[in-house]
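The values are calculated or read from the model by the stated rules, or taken from the named source; none is laboratory data. Remember, predicted model here, so these are calculated numbers, not experimental data. Cβ atoms come from the backbone with ideal geometry, glycine included; neighbour counts cover every protein chain shown. Ligands, DNA and RNA are excluded from the accessible area calculation, which covers all protein heavy atoms including side chains. Shrake-Rupley method; radii C 1.70, N 1.55, O 1.52, S 1.80 Å.
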Amino acid sequence: MGLPPSLIDPISLEISIEKTYRNCSTGRRCMDRTPTLKQLRYFAALADARHYRIAAERVGISQPSLSLQISNLEEILRLELVERGRSGAVLTPVGREVLVRARRIVEEVSALVEISDTLKTGMSGTIKLGSTPTLGPYILPNVVRLLHARFPALKLFIRDGAPRDLLEDLQAGVHDIILTQLPVQSGDVVVRRLFREPLQLAVARDHALSTNDNVVDRDLAGEDILNLSSAFTLHSQIVALCREVGANLRQDYEGTSLDALRQMAAMDMGLAFLPSLYVRSEVPIDDGDVHVLPFRQGSFTRSVGLAWRKTSGNQEGFEKLTEIIRSVVRSDFKGLVSVET
């Protein structure tokens, strides 16, 4: 059964461990030629102990059982792995080659079990998160910082997109979960509300309303209102408001970003509603290019949430991510937005 060291082919040896058994050397039909994990563990234990009795005690079986398992392994591989003598067990040259691969297999299986326990929490591996550009840049840095500290094995792949596109990509599997303005119109997704965010009114610094402490509905009657494109959920919200208060919606200039709206408002091309998180991040209080005012005492808000497919296999992880974002909002944006449950 033994082979000269010069004839040992590591590649062929590894294939020998994995390929399906055809016939034993005796000519009879035998078991699958794939060694069991138990046999590989027992073989590694014998290699460490160099004695059948000691190895058997370490793995918790009888010495005859261990000896039988090693013999079965040799028969499966058609290799003599161990020299048996009064002094104990010594690996053959072929046995040493097999041991390297046996240890690798045992270690990989152990690692697989460990990572499966971690993956069950849903907070490891890679999560593909889609986010609207009116939200992600202003809240996700705080969320990512906390996630990395608590779950270093988790990788968050983030891609910006308009809400309409985010939902389509979520349903197509491009994203695992999306952070977006609500509502999300689909019966195929789970939606979790995160927070309500006030929308503030941005006006040119020399606009007549810039001296007001608060803006109410009648102040907007006849005013030109700037808006984002219809790809954004915020668009329909502003359209409905204009109809309600009698404001003029400027349809000749639709902003492609919050920055574009702010800059057009600064040139007195119209008034713009900006989310509070954006204002906090991008508009200086004293010397900004626009003057920002509360509207309806801060009661005019948008709702923000997470959405994921009902068929997703990571429900537990996404629920946990929901609570983490809510905790970030409570601690980092207290008084600016209101957490929803």
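Per the listing V239, V215, the residue uniquely over 27 Å from R326 (Cβ atoms), surrounded by fewer than 22 Cβ atoms within 10 Å (Cβ to Cβ) and free of Cβ contacts under 8 Å to residues at least 40 places away in the same chain is V239. Screening L170 against (1) modelled with pLDDT under 95; (2) open to solvent by less than 10 Å² (accessible area, probe 1.4 Å); (3) over 22 Å from V337 (Cβ atoms); (4) more than 23 Å from the chain's Cα centre (by Cα) leaves a single unmet condition, (4). Could you list all residues from the range 38-85 that are in contact (Cβ under 8 Å) with a residue 40 or more places away in the chain, open to solvent by 50 Å² or more (accessible area, probe 1.4 Å) and within 15 Å of I105 (Cβ to Cβ)? Result: R41, single match.
Confirm whether R192 is charged (D, E, K, R), within 17 Å of the chain's Cα centre (by Cα) and open to solvent by 10 Å² or more (accessible area, probe 1.4 Å). Even if it seems obvious, please write down each step before you answer.
Numbers: charged (D, E, K, R): yes; within 17 Å of the chain's Cα centre (by Cα): yes; open to solvent by 10 Å² or more (accessible area, probe 1.4 Å): yes.
Spelling it out, R192 is indeed charged (D, E, K, R), within 17 Å of the chain's Cα centre (by Cα) and open to solvent by 10 Å² or more (accessible area, probe 1.4 Å).
So in the range 141-155, with the set limited to residues that are touching a helix residue (DSSP H, G or I) at 6+ places or on another chain (Cβ under 9 Å) and under 27 Å from H235 (Cα atoms), which one is surrounded by the most Cβ atoms within 10 Å (Cβ to Cβ)? Of everything passing the filter in the range 141-155, V143 is surrounded by the most Cβ atoms within 10 Å (Cβ to Cβ). Checked against (1) within 43 Å of the chain's Cα centre (by Cα); (2) surrounded by 13 or more Cβ atoms within 10 Å (Cβ to Cβ); (3) at pLDDT 90 or above, T118 meets all criteria but (3).
Among the residues of the range 325-341, are any in contact with a Gly (Cβ under 8 Å, 6 or more places away or on another chain) and surrounded by fewer than 18 Cβ atoms within 10 Å (Cβ to Cβ)? Looking through the range 325-341, at least one residue is in contact with a Gly (Cβ under 8 Å, 6 or more places away or on another chain) and surrounded by fewer than 18 Cβ atoms within 10 Å (Cβ to Cβ). Please specify each residue of the range 185-212 satisfying the condition of being over 22 Å from V143 (Cα atoms) and either in contact with a Pro (Cβ under 8 Å, 6 or more places away or on another chain) or among the polar types (S, T, N, Q) (or both). Correct list: Q185, S186, Q200, L201, S210, T211, N212. Would you confirm whether or not the range 242-255 contains a residue that is farther than 22 Å from D165 by Cβ, at pLDDT below 95, in contact with a Gly (Cβ under 6 Å, 6 or more places away or on another chain) and open to solvent by 30 Å² or more (accessible area, probe 1.4 Å)? Yes, some residue in the range 242-255 is farther than 22 Å from D165 by Cβ, at pLDDT below 95, in contact with a Gly (Cβ under 6 Å, 6 or more places away or on another chain) and open to solvent by 30 Å² or more (accessible area, probe 1.4 Å).
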